1. Could you sort the peptides 49-55, 128-134 by per-residue average Cβ neighbour count (10 Å cutoff), highest mean leading?
2. Considering the chain as a Gaussian network with a 10 Å cut-off on Cα pairs, which listed residue, 135, 21, 99, attains the greatest mean-square fluctuation?
3. Residue 42 versus residue 132, label points 7 Å from Cα toward the beta carbon: distance in nm?
4. Of the beta bridges DSSP finds with both residues in the chain, what % are antiparallel, to the nearest 5?
5. Where the convex hull is taken over the Cα atoms of the chain, what is its projected area averaged over directions, in nm²?
6. Say R0 is 25 Å: what FRET efficiency, to the nearest 0.05, do residue 158 and residue 89 get from their beta-carbon distance?
7. Counting only helical runs of four or more DSSP H residues, what would the 222 nm mean residue ellipticity of the chain come to if each run contributes -39,500 (n - 2.57) and the total is spread over all its residues?
8. What is the percent carbon and sulfur in the accessible area of the range 9-68, measuring with a 1.4 Å probe over the protein chains and ignoring ligands?
Amino acid sequence: LRVEVPEPISFETDVQVRLAVPLGAVHDITGTNIVGILRGTDPSRADRFVLAGGHLDGIGTDPDGTVFPGANDNGSGPSVILEIARVLANNRDTLRNPVVFAIFAGEEEGLVGSESFLNTSLVTPLRPTNIVAFVNLDVAGCCGDSLAASDESFTLHARAKAAADRLGYGLTYTPTVGGSDHATYVRRGVPATLI
C-alpha cells in the first residue's frame, strides 16, 4: 500500500505580524441562583418536579468597552419565570406536580449556575431522576411573532406545541446553538427544551 502525501500549501514569507489582544483585569465574581418551589396538589407526585428556569447573567462588555445589553438574553427568561410563578400561584389548585422555579447565575460562563444547582441537588428530592421536565427560557419572546422550542426531547416539544396551538400561537423547532442551562439536564437524561 502506497500513500501519497500532498505537498503543503503553506510557504514562508518575509512578512512579520505583531498581534496585541487587550485583556481586562481578572477578578472573582460570586453568583447566586434563585430557586423557589410551588407544591402541587397530587401527593403521589410530590417528588416529581417540573423545572422552569432561565439565566440572569450577561456578557457585560468587550475589552474595547462595547456594552452587550442583556435585556433579551438574560432579562427575558427570569421575567417570564416570575410571571409563570405568579400565574401558577393564583391557579395552584390546577397543579398536580410541584414546579421548581430557578433563575441561574453563570450561564454565560459555561452553565456554572445550573451545574452547581444540579450537583448540590443530587442527594435531595430535586435530583435529576425526579425532574420530569425542564423548560428553559432563554432569549424569550425575541425575534418574531411565533415561538420556537429546541428538540432535545421530541415528547416535550410535542407537548409545548400542543399547548401553543391551544393558545393560538405557532411553535416551531429551533436548533440548539451553543449551550444553555437545559443542556446541564439533557446530559443527565432529563427531558428538556429551550424556548
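The values are calculated or read from the model by the stated rules, or taken from the named source; none is laboratory data. Since the model is a prediction, treat every value here as computed from it, not as a measurement. Cβ placement follows ideal geometry from the backbone for every residue including glycine, while neighbour counts extend to all protein chains displayed. We work out accessible area using only protein heavy atoms, side chains counted, and drop any ligands, DNA or RNA first. Shrake-Rupley method; radii C 1.70, N 1.55, O 1.52, S 1.80 Å.
1. Ranked by mean Cβ neighbours within 10 Å, highest first: 49-55, 128-134.
2. Of the options given, 21 has the highest mean-square fluctuation.
3. 0.4
4. Looking only at bridges with both residues in the chain, the antiparallel portion is about 30 percent.
5. With every direction weighted equally, the projected area is 19.3 nm².
6. Numbers: r = 27 Å, r/R0 = 1.08.
Between residue 158 and residue 89 the formula returns 0.40.
7. Working: 4 runs with 43 residues, N = 195.
It comes out at -6500 deg cm²/dmol, rounded to the nearest 500.
8. Values: 2910 of 5110 Å².
Carbon plus sulfur share of accessible area: 57 percent.
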